[in-house]
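The values are calculated or read from the model by the stated rules, or taken from the named source; none is laboratory data. Computed from a predicted structure; not experimentally measured. Methodologically, a virtual Cβ is constructed for each residue, glycine included, from the backbone with ideal geometry; neighbour enumeration extends over all protein chains shown. We work out accessible area using only protein heavy atoms, side chains counted, and drop any ligands, DNA or RNA first. Shrake-Rupley method; radii C 1.70, N 1.55, O 1.52, S 1.80 Å.
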Amino acid sequence: MRERIAHELDVLARQSQFRALEIPKGINLCSNDYLGLASDPRLHQALLESINRVHQVGSTGSRLLSGNSSEWETIEREFAEFAGTDAALCFGSGYAANIGLLSSLLKPGDIVFSDALNHASLIDGIRLSGAEKVIYPHRDLRFLETALRARSGRPGASVIVTESVFSMEGDVAPIRDLLALAKANNAALVVDEAHATGVCGPHGRGIAAEEGAEREVLATVHTCGKALASAGAFVCGDVALRDYLVNRARTFLFSTALPPYLAGQIRAALEIVRGADTERSHLRELASNLRTKLKEEGIDCGTSSTHIIPVLLGSNERALHVAGELQRGGFAAKAIRPPTVPRGTARIRVSLTSKISIEQVCQLARAISAACQTFQTASAGAVHV
Ligand SMILES: Cc1ncc(COP(=O)(O)O)c(C=O)c1O
């Protein structure tokens, strides 16, 4: 086994795909702390107060054994209200929520229609379920409609699964159209709001809420580790869905509950986020500015329409070069490479935070453009060697 590990690490290094842990330095462009709440003193204070309030700092077990507490029961009701649903259930992370939800909902004999760019946690949940899967090209409604029709009338349940704001593209799923297709074809819709929670929709309630669809979809998944600067995730839906997950979702059943004091931090984050319209509009302005500037420099930022802006660079080497140059220039930026993104679409994923200024965004656009040019020069040189 050790030889295999060494061999695979060697292959990764030769393909420019070896990753090492680093501590980000400089202006952070690779965090999901979209509203800068991770260092917000109000959140710090809320956590301290919550720790002082709770009787136990550890949850001591799974929710079905000793790990349940009034903190979690209450924050679940509050989160459901935020999401616009009747109920919500907390999981240890977004990863656990998606795996638990999809692997328990879907069974062999069911069919799941999954956007080609869905996050690994959705993909893994689908794989674990044993359901038949149809991967539809990213946001391709025509393909999806044909695929749904081709399978209509077959036994088994049909479920469409999508992110709302796509984590690597920064574009938005057409939730209303997906819902219409789902309804016409007797399918359910599951929406992962990880990158929309706190940032998109009325009071940061997500894209399903923006479309008035939060009660029509079967489930929305809101994660707390990104704009809410906390941890955990909530699957939001009706009471029956919550009861079902309590009984069937293995990542809920067989995992220790998060510590009860975290509920206090999540509550404070929800309150801050509800009132963060100014930060959200600044974030939109930053994003639109950066897209305009990059386009002026002839840099491809795909179909982004949100705070996540991919700088599409193609090869791993080019992405690594640009990331390195940005880091030297004082920006914490990372090269995102396959398998996280499709082959040939290596990129810098710029995730903006409302804490940065328009000037910094202009500086960033200039630095990206300069880094792309030095790569061209360096590779042209290499050809002649
Ligand atoms: C779309 C999406 N869903 C789910 C997750 C997982 O959430 P968590 O980090 O809370 O496990 C992520 C994390 O990056 C994500 O991007």
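Please state the relative contact order of the chain as a whole percent: Cα pairs under 8 Å, 6+ residues apart?
Working: 747 pairs, mean separation 86.9, N = 385.
The value is 23 percent.
Quick check: the angle from helix 2-14's long axis to the longest principal axis of the chain, C-alpha only, nearest 10 degrees?
The two axes meet at around 50 degrees.
Can you tally the net charge around R248? Count Lys and Arg as +1, Asp and Glu as -1, for every other residue whose Cβ sits under 13 Å from the Cβ of R248.
Values: positive: K107, R242, R250; negative: D243.
Summing Lys/Arg as +1 and Asp/Glu as -1 gives +2.
At 1.4 Å probe size, what's the solvent-accessible area of K295? Round to the nearest 10 Å².
120
Given 10 Å bins starting at zero, what is the percent of C-alpha pairs of the chain in each, up to the one with the largest pair distance?
5, 22, 30, 26, 15, 3, 0
If the only charges are +1 at each Lys and Arg Cβ and -1 at each Asp and Glu Cβ, what is the size of the charge dipole of the chain around the Cα centre, to the nearest 20 debye?
Working: 41 positive and 41 negative charges, 165 e Å.
Using only the charged Cβ atoms, the result is roughly 800 debye.
If I take the Cα coordinates of the stretch 256-352 and project them onto the principal axes, what are the three extents in Å, biggest first?
Principal-axis extents of the Cα atoms in the stretch 256-352, largest first: 45, 35, 26 Å.
For the chain: lysine pairs with Cα atoms under 28 Å, gap of 8 or more or different chains, count?
Within the chain, the lysine pair count is 17.
Any idea which of A231, S69, H321 is furthest toward the positive side of the dipole for the chain, if Lys and Arg beta-carbons carry +1 and Asp and Glu beta-carbons -1?
Checking the options against the dipole of the chain, the answer is H321.
When DSSP beta bridges are limited to those with both residues in the chain, what percentage is antiparallel, rounded to the nearest 5? Walk me through the intermediate numbers first.
On the way: 18 of 38 bridges.
Of those bridges, close to 45 percent are antiparallel.
Cα axis of helix 120-129 to longest principal axis of the chain: angle in degrees, 0 to 90, nearest 10?
For 120-129 against the chain, the angle is about 40 degrees.
Tell me, what is the 1.4 Å probe accessible area of R176, in Å² to the nearest 10?
90
What does the accessible area of D243 come to, in Å² to the nearest 10, when a probe of 1.4 Å is used?
Its accessible surface works out to 80 Å², give or take rounding.
Which residues make up the longest stretch of the chain clear of chymotrypsin sites (Phe, Trp or Tyr not before Pro) that lie in a DSSP loop with no more than 16 other Cβ atoms within 10 Å, not counting the sites?
Details: sites that count: F18, F254.
Of all site-free stretches, the longest is 19-253.
Cα axis of helix 94-105 to longest principal axis of the chain: angle in degrees, 0 to 90, nearest 10?
Compared with the principal axis, the helix lies near 50 degrees.
So how strong a dipole does the stretch 1-134 carry about its Cα centre when Lys and Arg Cβ are +1 and Asp and Glu Cβ are -1, to the nearest 20 debye?
On the way: 12 positive and 17 negative charges, 91 e Å.
That gives the stretch 1-134 a dipole magnitude of about 440 debye.
Pull up all non-local amide H partners of S354: gap of 5 or more, or a different chain, and H-to-H distance under 5 Å with H placed in the peptide plane.
Amide H to amide H, under 5 Å and 5 or more residues apart or across chains, S354 pairs with L35, G36.
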